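To keep things clear, I will list the structure first and then write my remarks on it.
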Amino acid sequence: MSQTTTTPPRERAVQGFARAFGVQPQQLSRAPARVNLIGEHTDYNEGYAMPCAIDRDTVVAAAPRDDDVVEVLACDLDGASARFRVDDASDVAGSPQWVRYVQGMVAVLRERGLPVRGAQLAIAGNVPQGAGLSSSASLELAVGQALASLNGWQLAPRAMALAGQRAENAYAGCQCGVLDQMSSALGVAGHALLLDCRSLDVQPIPLPANTAVLVIDSKIQRGLVDSEYNLRRQQCEAAAAGLGVKALRDVDDDLWSRRGGTLDLVVRRRARHIITDSRRCELMADAMRQGDLPAIGRLMRESHWSMRDDFEITVPAIDALAALVQGVIGDAGGARMTGGGFGGCVIALAPVGQVDEIRAAVAAGYRSPQGREAEVHVCAASHGAGSLA
Ligand code: GAF
């Protein structure tokens, strides 16, 4: 859910709830968006990624109903609303996309044997939509948290993340991995997460001191469901099958040198991106622990080039934007496209003292193909989903 007003999402959710339902909400929950520092499309290949939950949230104001009907209001979509019975939640045919995420969470949590009664929900957020910052995962996790509180049970953050992923896969039509939901569920303030997408182990990695996390929205809209995301996933699965492994995570140097050349050329390039970007995550964790900014920058640049040349998910305007920002940062950090691709944002790690210079360079030197200026967000690494007091 996106919005243009500066009123915080919490207030808009509460006000929207009171207007729509005539009473005050009993419960408030929130879940953050995320930006991925490195390791793109590695999640569904069971490799490593390094996301960071950011201080852009979806908030759900909620109260229970004494029947099995869920009423839901989207404060940011001109007050769009929906209504469904919990036992019809899995019937998403004909539902608008935003409602599918809500229905999907209800359906998945019920599949897992958790009691979900009727509810009134009002949703507001400040996550830029279609920018690749995972507004959908933050919606899923905020709704899941609200349903847990209303129905008197708890789910461990990893289990809630997996429920969100299944809601998206089975009910919203995107075969995403678990990156977005894991970062929204398990974010740690001031830290990125080195995420092992096979074991779901998470190691918080402190962000280097005096380093700003800049998320630069190219204003080139993207849509995972409509994009080539699912095709990339199929190509990675074809590569794993061709190499005789369960997932590209399992490809070592020996296997790659013996069998990599047998793959179809395009499939081979897709696989090479995944294998190298997953390794870059581990190297990035080392570089961040050591505060080695030139190494961080090098890894981010290599990751961008790998997405551009091997995975082919960047677009020329974003290549130019990343290069422009990297040119300002020099050796003091890095910039690369982040997220699923085909538009969205550039992530930059840069000295706090360079923020104004980067803003000025982007304002002067970048326009999207539609002539739009980029929007520069300075983000803080945030904690994961939870209830609000
Ligand atoms: C999207 C997906 F939802 C994630 O699972 C991940 O694959 C990402 O694209 C690319 O790294 O955000």
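Since every read-out is calculated from the coordinates, none of them should be taken as a lab result. Every value quoted in this text rests on a predicted model; they were computed, and no experiment measured them. All Cβ positions, even for glycine, are placed from backbone atoms using ideal geometry, and neighbour counts span all protein chains on display.
Some points to look at:
- Here the gap between residue 189 and residue 68, fully extended at 0.36 nm per residue and compared with their Cα-Cα distance, gives a gain of 39.9 nm.
- Distance between the 7 Å Cα→Cβ label points at residue 246 and residue 112: 2.1 nm.
- Sequence-distant contacts, meaning Cα pairs under 8 Å at least 6 residues apart, place the relative contact order of region 1-93 at 29 percent.
- Net charge dipole size for the chain [Lys, Arg +1 and Asp, Glu -1 on Cβ; Debye, nearest 20]: 100 debye
- Spin-label pair residue 286/residue 11, simplified geometry with 7 Å Cα→Cβ offset, distance in nm: 4.8 nm
- Average Cα contact separation per residue, region 297-389, under 8 Å, 6 or more apart, as relative contact order %: 24 percent
- Axial C-alpha extent at least 27 Å, average Kyte-Doolittle at least -1.0 - helices from the chain (DSSP): 265-289
- Cα→Cβ-extended label distance, 7 Å offset, between residue 255 and residue 238, nm: 1.9 nm
- The charge dipole of region 248-344, taken about the Cα centre with unit charges on the Cβ atoms of Lys, Arg (+1) and Asp, Glu (-1), comes to about 140 debye, rounded to the nearest 20.
- In region 244-298, trypsin sites (Lys or Arg not before Pro) in a DSSP loop with at most 12 other beta-carbon atoms within 10 Å: 246
- Farthest towards the positive end of the charge dipole of region 3-105, among the residues 24, 41, 80, is the Cα of 24, using unit charges on the Cβ of Lys, Arg, Asp and Glu.
- Charging the Cβ of each Asp and Glu at -1 and of each Lys and Arg at +1, and nothing else, the dipole of region 324-389 about its Cα centre rounds to 180 debye.
- Model label zone, residue 158; criterion: amide N under 19 Å from point 7 Å along Cα-to-beta-carbon; scope region 18-60: 43-53
- Estimated from the Cβ-Cβ distance and a Förster radius of 41 angstrom, the FRET efficiency linking residue 309 and residue 383 is about 0.70.
- For region 69-170, Kirkwood radius (reciprocal of mean inverse C-alpha pair distance, Å): 13.6 Å
- Whole-angstrom Cα spans of the chain along principal axes, big to small: 61, 49, 39
- Here the relative contact order of region 120-237, from alpha carbon pairs under 8 Å that lie six or more residues apart, stands at 24 percent.
- Extents of region 159-283, largest first, come to 44, 36, 33 Å (Cα atoms, principal axes, whole angstrom).
- Computed over the chain with a Gaussian network model linking Cα atoms closer than 10 Å, the most mobile of 245, 215, 188 is 245.
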